1. Considering region A:69-83 alone, what residues qualify as being outside any strand (DSSP E or B) and either at the interface with chain B (Cβ under 7 Å from one of its Cβ atoms) or buried (at least 16 other Cβ atoms within 10 Å of the Cβ) (or both)?
2. Has region B:72-84 got any residue that is more than 7 Å from every other protein chain (Cβ to nearest Cβ), over 16 Å from A:Ile65 (Cβ atoms) and in a loop (DSSP other than H, G, I, E, B)?
3. Among the residues of region B:85-109, what is the count of those that are closer than 15 Å to B:Gly138 by Cβ, more than 14 Å from chain A (Cβ to nearest Cβ) and open to solvent by 70 Å² or more (accessible area, probe 1.4 Å)?
4. Assess whether B:Glu91 counts as being modelled with pLDDT of 95 or more and either within 13 Å of B:Lys135 (Cα to Cα) or outside any helix (DSSP H, G or I) (or both).
5. Please identify the pairs in which a residue from region A:33-48 that is within 18 Å of A:Ser23 (Cα to Cα) has its Cβ atom under 8 Å from the Cβ atom of a residue that is at pLDDT below 90 and surrounded by fewer than 16 Cβ atoms within 10 Å (Cβ to Cβ), counting only partners at least 6 apart or on another chain.
6. Considering only region A:13-37, state which residues are more than 10 Å from every other protein chain (Cβ to nearest Cβ) and over 17 Å from B:Val118 (Cα atoms).
7. Going by the structure shown, is A:Thr87 assigned to a strand (DSSP E or B), loosely packed, with under 15 Cβ neighbours inside 10 Å and polar (S, T, N, Q)?
Amino acid sequence: MADPMRIRAVAKDGAVNVKILMSHEMETGQRKDGAGKPIPAHFIQQISATWQGKVVLSANWGTAISKNPFLEFSFKGGKKGERIQVTWTDNKGDKRTDEATIN
Amino acid sequence: MDQTRRKVLKAGGGASLYALLAAAGMMRPEAALAADWNQKAFEAKNLKDAFDALGAGSRAESADIVMTAPEIAENGAVVPIGAVSKLPGTESIAILIAKNPTALAASFDIPAGTEPGVSTRVKLAETSDVYVLVKAQGKYYVTKKEIKVTIGGCGG
């Protein structure tokens with residue numbers, strides 16, 4: 001199981017700014033190990049953020065997203081004290097969901 | 001009598017096969033989820049194929065898309081890219097890197113109520129044009145910027 005995400009959600013001027021830092025290798029499948037064998041691709045394919053059961057952002061990713069991915073976006077309507085959930089799924093079927101309280 | 005028995009067996013066989021398929025589907029929910037992932041677009045080796053697979057075969061250059069990215073990236077493994085669309089009715093934002101082994105880096109769906117802007121970090125194999133593609137009111141718009149890389153982000 002991958003390490004937890006670090007999620008920061010801050011309400012300001014009627015919108016919530018969300019910053020997410022994920023812990024993932026994001027292996028491209030292009031690299032070779034010491035013995036010259038290709039290292040299989042292992043990367044986050046899908047990510048979605050929900051607030052009060054509503055999807056506020058969803059994304060599909062390829063292998064070009066950097067290791068330990070960073071993502072920032074903003075949505076309208078969220079208030080201090082409410083919670084958001086973020087879920088990612090990688091190409092091997094691993095999955096992780098974390099929550100954060102809006103500040 | 002034999003006829004009926006055959007029919008029953010046949011129907012039973014069909015039903016159990018269906019149940020088996022459904023069970024197989026139930027056991028791998030992530031496979032069903034990944035169906036939304038546009039494999040053809042993400043595996044496209046060049047820019048044109050990636051645009052085509054996204055349905056953006058025809059697209060207009062737009063000054064209403066703002067890309068925030070460095071002119072020169074010292075480390076191609078971590079290049080910050082910000083993409084903001086000022087186009088009304090923005091539905092999705094995609095980032096494409098012309099000279100990467102696969103051009104499409106990411107595609108974001110922007111639901112109503114979410115601001116049409118995202119920031120992330122990408123890998124650049126070498127100096128390349130980077131494109132931000134925006135779908136707004138069913139039409140595609142694009143802007144590009146060249147980013148120079150001194151150390152590549154892909155490969156060993």
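The values are calculated or read from the model by the stated rules, or taken from the named source; none is laboratory data. This is a predicted model, so every value here is computed, not measured. We place every Cβ from the backbone using ideal geometry, glycine too, and count neighbours over all the protein chains shown. Areas reflect the complete protein model, heavy atoms only, side chains present, ligands, DNA and RNA absent. Shrake-Rupley method; radii C 1.70, N 1.55, O 1.52, S 1.80 Å.
1. Selection gives A:Pro69, A:Gly77, A:Gly78.
2. No, that holds for no residue.
3. The total comes to 1.
4. Yes; evaluated as a whole, the condition is true for this residue.
5. That search, which allows pairs on different chains as well, returns A:Gln46/B:Asp36.
6. Selection gives A:Asp13, A:Gly14, A:Ser23, A:His24, A:Glu25, A:Glu27, A:Ala35, A:Lys37.
7. Details: assigned to a strand (DSSP E or B): yes; loosely packed, with under 15 Cβ neighbours inside 10 Å: no; polar (S, T, N, Q): yes.
For A:Thr87, the condition - assigned to a strand (DSSP E or B), loosely packed, with under 15 Cβ neighbours inside 10 Å and polar (S, T, N, Q) - is not met.
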